[in-house]
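Reading through the structure tokens given below for one structure.
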Amino acid sequence: MNNTNAMNRSFIVMLLCLMPLWTFAQEDRVHKSDQERRAEREAVQAQKIAFITQETGLTPAEAEKFWPLYNEMNHKVGEVIHKRNDTKAAMYRLFKSEDGRTQGKGAEPAGSSQGRTAAGDHRDAAEVLVLDTQTKGPSGPVEELLASYINSFQEENAIRMDYHKKFLQILPAARVARYYLAEERFNNRMIRQFIEVKVQQEKSR
């Protein structure tokens with residue numbers, strides 16, 4: 001598994017972490033309680049478990065071994081992604097827009113972190129960022145943060161490889177392959193739902 005695959009998986013995981021914000025979305029979605037958000041998140045997770053179980057053909061005995069490993073892996077990967085996002089935020093704070101009007105995250109256009117919709121990728125309109133050496137010092141912090149950022153992909157890959165080997169201890173290779181394909185299909189379905197909801201929201205405005 002290369003770094004590109006890890007980045008793609010990380011993108012999907014981050015989207016899934018945002019699912020409570022858009023699954024079953026309505027105009028008043030932001031007014032939902034924490035309990036309602038949690039219930040929606042649990043409903044999506046139940047759908048995912050059912051889909052993967054069916055597509056992978058897990059028996060009850062296999063599922064009893066598989067899902068604890070799966071949850072452990074996702075928890076560890078989630079911690080790595082959280083750390084990576086913190087590192088990325090720190091990198092943004094070292095930069096300013098080329099014209100000097102805005103700094104760090106503020107240089108991104110509205111909606112730049114909200115993903116892609118049928119209207120296109122908002123990030124195409126992002127302002128050019130340059131290192132703010134006057135207020136942030138030399139480029140040393142950039143090199144340290146960049147190393148941490150890139151190393152996080154290696155760390156994620158190591159976790160996934162470790163659990164891949166564990167999956168192979170309880171399932172034959174063909175069934176592990178079916179699990180990976182089922183997970184990707186489910187994640188793609190969630191992304192399509194997200195895009196459809198965003199498009200409908202834009203049309204209703």
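Throughout, read-outs are computed from the coordinates displayed, never taken from laboratory work. These numbers were taken from a predicted model, which means no experiment stands behind them. Every residue, glycine among them, receives a Cβ derived from its backbone with ideal geometry; neighbour counts consider all protein chains shown.
What the table below lists for this structure:
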{"item": "Filter on Lys48/Lys165; Lys32/Lys65; Lys83/Lys198; Lys48/Lys166; Lys32/Lys198; Lys48/Lys88 - keep pairs with C-alpha separation over 24 Å", "result": "Lys32/Lys65; Lys83/Lys198; Lys48/Lys88"}
{"item": "For the stretch 158-205 versus the stretch 43-96, the gap between their alpha-carbon centres in whole angstrom", "result": "10"}
{"item": "Estimated distance in nm for a label pair at Asn74 and Ala147, the labels positioned 7 Å out from Cα along Cα-to-Cβ", "result": "3.4"}
{"item": "Calculated FRET efficiency for the pair Ala174/Ala46, C-beta based, R₀ 35 Å, to 0.05", "result": "0.85"}
{"item": "Cα-based Kirkwood hydrodynamic radius, the stretch 29-75, one decimal, Å", "result": "12.2"}
{"item": "Packing-based exposure ordering (other Cβ within 10 Å, fewest first) of Leu171, Leu69", "result": "Leu69, Leu171"}
